[in-house]
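What follows is one structure encoded as structure tokens, with my remarks underneath.
Only the coordinates and a few stated rules stand behind these numbers; no lab work does. Quantities reported herein were computed from a predicted structural model and do not represent experimental measurements. Using ideal geometry, Cβ is built from the backbone for each residue, glycine included, and neighbour counts are taken over all protein chains shown.
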Amino acid sequence: MMGVLHHHLIWGLVGAVFVGFFAVQTVLIQPASQPPQGLKLAFDLIWLGIMYGTLDGLLLSVLPVFATWRAMKIRGWTDHWRGRIASGGLALAISVLVIALYHLGYPEFRGYQVVMIMVGVGIMSLVYLITGNPLTPVLGHIAMHIAAVLHGINSVSQLPPHYYQESIALIVRYLIH
């Protein structure tokens, strides 16, 4: 696993800064709301920012792209430049399909919003293909989710639906008491 992270590490970090910057901008153009305070802020930064951002990056970009690329490599399709381009296109298409199917499971992401998400996260997958390093989409997602927590959970679309957050809050309160 460490070999995958070290592969094109500098390019992966440059890609992460690139996609992270633009992902954060998509958060900042939305209306702001009061961010959580104190322990709730720390919990949300860790859970929604780092953990959820990591899982989104891995499941939506890294896994589909990596699995598709690996399958095409085993078949010998990546041995020549045309095959690499076709394999990359297929990997990107599968990633965008996974992005769409995942987000269509949420009622608030049906319609034009899912297309915008497909484009935004699809760009993260594309930059991962270009850099060859999985840190690109993972760190990009983490940056976006942390920005969403700090910008205000109640007014941004980049975090889990609000009814999910209310459920987590009820669970946390139950566990504490």
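Remarks
- Calculated FRET value between K73 and L104, using beta carbons and R₀ = 25 Å, to 0.05: 0.25
- Spin-label model distance (nm) - M116 vs L55, 7 Å beyond Cα toward Cβ: 2.4
- Among residues other than L63 with Cβ under 13 Å from its Cβ, the summed charge is 0 (Lys and Arg +1, Asp and Glu -1).
- Each Lys or Arg adds one and each Asp or Glu subtracts one; over the other residues with Cβ under 14 Å from the Cβ of T78, this totals +4.
- Mean residue ellipticity (222 nm) of the chain, computed from DSSP H runs ≥ 4 via -39,500 (n - 2.57), nearest 500: -23000 deg cm²/dmol
- Note on L13/I176: beta-carbon distance plugged into 1/(1 + (r/R0)^6) with R0 of 35 Å gives a FRET efficiency of 0.40.
- For peptides 146-153, 73-80, sequence by mean Cβ density within 10 Å, most packed first: 146-153, 73-80
- Among complete DSSP H helices in the chain, those whose alpha-carbon atoms stretch at least 27 Å along the helix's long axis and whose mean Kyte-Doolittle hydropathy reaches 0.0 are 9-28, 81-104, 112-131.
- Only the Cβ atoms of Lys and Arg (+1) and of Asp and Glu (-1) were treated as charged; on that basis the dipole of the chain about its Cα centre amounts to roughly 420 debye.
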